[in-house]
Structures are given as C-alpha cells and as structure tokens.
Amino acid sequence: MNYTLNQLQIFLEVVRQKSITRAAEEMHMTQPALSIQLKNFQNQFNIPLVEIIGKKLYVTDFGKSIASIAQNIINEANTIKYKTKEYSGLMTGKLRISSASTGKYVIPYFLSKFLREHPGIDLTLDVSNKMTVLKNLLDNQIDFALVSKLPSKLAIEEEILVENKLYLIGNSKKIDNDKPLIYREEGSATRMAMNEYFKIGKERKSMELTSNEAVKQALIAGLGYSILPLIGIKNELSNGELHIINLKKLPIITNWRLIWLKKKKLSPVAEAYLNFVRQEKEAIIKNNFGWYLNFDENKY
C-alpha cells in the first residue's frame, strides 16, 4: 500500500458528496486532477471502492469500510498536528462552521481577529443554501451554523450577530410589470422571504437562479426584480448599478445568528470561539457594519 493523506481526504470527500464534480469543487481542485488521485487510490485495491451506474456515483460496501478506516487515519494525523501545536503553547483544534450563502458577507468579520489570536486553529467554513446548512447541523458535521431565520422544530441555542435587511431591488427605481421576479433556488432563506412577501399575485412570471451573485448580475442587466439582503449589495448601490424599490412592508428584517444544537457539547475550540463572539460582538459591529446599521434607503 502506498497511499497519501491527500488521497484519503479526496476519497472521503467523494464519499461525502457522492459526486466527483462536487468533491472537486469542495477541495478546490479541477475534476480531472481529483479523478486521477481517486484512480491512483483505487488502483491499490482489487475491489471497487465506488461504482458509476448511469450518471450516479455509489459507494460500495467495501468502499464504506475503507472510508471509515480512512477517517480514523485522518483523525489521528490531525491529532499529531494539534498535539505538536499544543506543546508550542497554542490553542489547537478545528472550528467548523456552515453558513447560508449571504452569510459570507458577515461571518469573516466575526472570525478574523479570533483566528489571528489563535493561529493553531484550523477553520472549515462551508457556504451553502439554508437547507444544506441545516442538514450539516443535524448530521453533527459542524459546530455552528450561520442563518438569518430560525429553523422550526429544532432544539437549538443561538447567538444573534447583526440585523439582516432585505429590500426589493432592481436596476432602476421604477417597476416594469412585464419583467419577472427573480428567485433563488428552493431551500434558500431569501427565496422563503420572497415567497412570503409575494404570496399574493403568484401568477406573475418568474425566474430562478442558484446564487446571490447570479441574481445580482441578472438585476444589473435589467432582467427583473428580486428581494435581496442589503449586506450583499453595498458596492452596486453605491455605484448606481442597483436601486431600492420602495414598497409597503419592506424592508423585511431578520437577524444573522450563530446556532448550534441544544444538547451538543461544544469542543474547547468552539467554546472559545463562542466566548470570543460574545465579548467582541459590539466592537466588530461598530467597526465593520456602521454603514449598514445607519443605512438611508432614500439615497439609493
């Protein structure tokens, strides 16, 4: 056997994603590069680890048993790394956070100082739609989830970070009724907010896109209108590419918040991070979100 830790990590990601394409995206690799490493790992076994049936990838029973062993090996390798850092006097371990897509405009500001102060900590930050974020939370794959709307029927604890304001946005201040409403994909919290707001008049034509960035570009091009979080469109509002359309009952206001399972025992790293957020939250908001909290919608 002559495998590398990188090959084990690649195989584990393929098992998690059940897709070579998604695994490559998660590991920031090209699909051909990941496929080569996966093939090199497979070549060390006479029994297949995965099978492709149609266009779908399945992990074999043998592959599942190897994945379990591979995870143990990776865990032990991390233990060696963290133990070495401990002897250097550093706080060590892994912090795992899953953020709803627009949360990428929020969470970095609540991480930067903490990670500077604790260079021995490794961060895993996954940015997905709300449905995936909550699945990661339920599967105990993460320490914290960053969401703007509390999940129903889930026993969780929360720490509120900053307001989330959603406005109707277009490339002009006037509405052309012939243009569609542009929605995010199913499972997105922004989509849920739009569904709630536009529950009357669903006969109007609509368009669906799968990311906030795609929606923004569609709005700039004049393809339609969408409800978007203010926090992700600062530059486009400032340079006049996008405008706020004033309608009744807008903005919709929620809160960005860290949540975690109520019965979860937080790791020392997660506990340290939560304490940091509680102590530094006001300063972080003041230094980084002043424009947002004092936003004057009439200027845009």
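Just to be sure I understand, how many residues within segment 88-120 are at positive phi and either in a loop (DSSP other than H, G, I, E, B) or open to solvent by 70 Å² or more (accessible area, probe 1.4 Å) (or both)?
1
Filtering segment 213-229 down to residues that are outside any loop (DSSP other than H, G, I, E, B) and of a type in the set (Gly, Ala, Ser), which residue is nearest to Ser148 (Cα to Cα)?
Ser226
Please work out if Asn239 is open to solvent by 40 Å² or more (accessible area, probe 1.4 Å) and either touching a strand residue (DSSP E or B) at 6+ places or on another chain (Cβ under 9 Å) or modelled with pLDDT of 90 or more (or both).
No.
Report, by residue number, each residue of segment 121-173 that is of a type in the set (D, E, K, R), in a loop (DSSP other than H, G, I, E, B) and either crowded, with 17+ Cβ neighbours inside 10 Å or touching a Ser or Thr at 6+ places or on another chain (Cβ under 9 Å) (or both).
Initially, segment 121-173 is screened for residues of a type in the set (D, E, K, R), giving 122, 126, 130, 135, 139, 143, 149, 153, 157-159, 163, 165, 173.
Going one step further and asking which of them are in a loop (DSSP other than H, G, I, E, B), we end up with 139, 143, 149, 153, 173.
Within segment 121-173, Asp143, Lys149 meet the criteria.
Would you please name the residue that is nearest to Ile142 (Cα to Cα), looking only at residues in segment 242-254 that are out of contact with any Gly (no Cβ under 9 Å at 6 or more places or on another chain) and surrounded by 15 or more Cβ atoms within 10 Å (Cβ to Cβ)? Give the steps one after another, and end with the answer.
Within segment 242-254, the first condition is being out of contact with any Gly (no Cβ under 9 Å at 6 or more places or on another chain), and the residues that meet it are 246-254.
Those left that are additionally surrounded by 15 or more Cβ atoms within 10 Å (Cβ to Cβ): 250-252, 254.
On the way: Leu250: 33, Pro251: 31, Ile252: 28, Thr254: 23 Å.
In this case the residue turns out to be Thr254.
At pLDDT 85 or above, part of a strand (DSSP E or B), touching an Asp or Glu at 6+ places or on another chain (Cβ under 9 Å) and β-branched (Val, Ile, Thr): is that true of Ile253 in this structure?
So Ile253 passes the test.
Given (1) modelled with pLDDT under 90; (2) assigned to a strand (DSSP E or B); (3) open to solvent by less than 50 Å² (accessible area, probe 1.4 Å), where does Ile259 come up short, assuming only one miss?
Every condition holds for Ile259 apart from (1).
May I ask you to list pairs of residues, at least six apart or on different chains, whose Cβ atoms are under 6 Å apart, with the first in segment 233-248 being over 13 Å from Asn171 (Cα atoms) and the second being open to solvent by less than 60 Å² (accessible area, probe 1.4 Å)?
Short answer, once both residue conditions are applied: Leu247/Leu168.
If Ile107 passes every condition in (1) free of Cβ contacts under 8 Å to residues at least 40 places away in the same chain; (2) touching a helix residue (DSSP H, G or I) at 6+ places or on another chain (Cβ under 7 Å) but one, which one does it miss?
Tallying (1) free of Cβ contacts under 8 Å to residues at least 40 places away in the same chain; (2) touching a helix residue (DSSP H, G or I) at 6+ places or on another chain (Cβ under 7 Å), Ile107 fails exactly one: (2).
Are there any pairs, at least 6 apart or on different chains, whose C-beta atoms fall under 7 Å, with the first in segment 176-189 and in contact (Cβ under 8 Å) with a residue 24 or more places away in the chain and in a strand (DSSP E or B) and the second open to solvent by less than 20 Å² (accessible area, probe 1.4 Å) and of a type in the set (Asp, Glu), and if so, which?
none
Kindly establish whether Ser238 is over 26 Å from Ser152 (Cβ atoms), of a type in the set (Gly, Ala, Ser) and under 24 Å from the mean Cα position of the chain (by Cα).
No: the conditions fail for Ser238.
Condition first: closer than 24 Å to Pro229 by Cβ, more than 21 Å from the chain's Cα centre (by Cα) and open to solvent by less than 40 Å² (accessible area, probe 1.4 Å). Now tell me which residues in segment 262-291 satisfy that.
Residue satisfying the conditions is Gly290 alone.
Take Thr79 and tell me if it is closer than 18 Å to Asp122 by Cα and either in contact with a Pro (Cβ under 9 Å, 6 or more places away or on another chain) or at pLDDT below 85 (or both).
yes
The values are calculated or read from the model by the stated rules, or taken from the named source; none is laboratory data. Predicted, not measured: the structure shown is a model, and the values here were computed from it. Using ideal geometry, Cβ is built from the backbone for each residue, glycine included, and neighbour counts are taken over all protein chains shown. These accessible areas exclude ligands, DNA and RNA; they are computed on the full protein's heavy atoms, side chains included. Shrake-Rupley method; radii C 1.70, N 1.55, O 1.52, S 1.80 Å.
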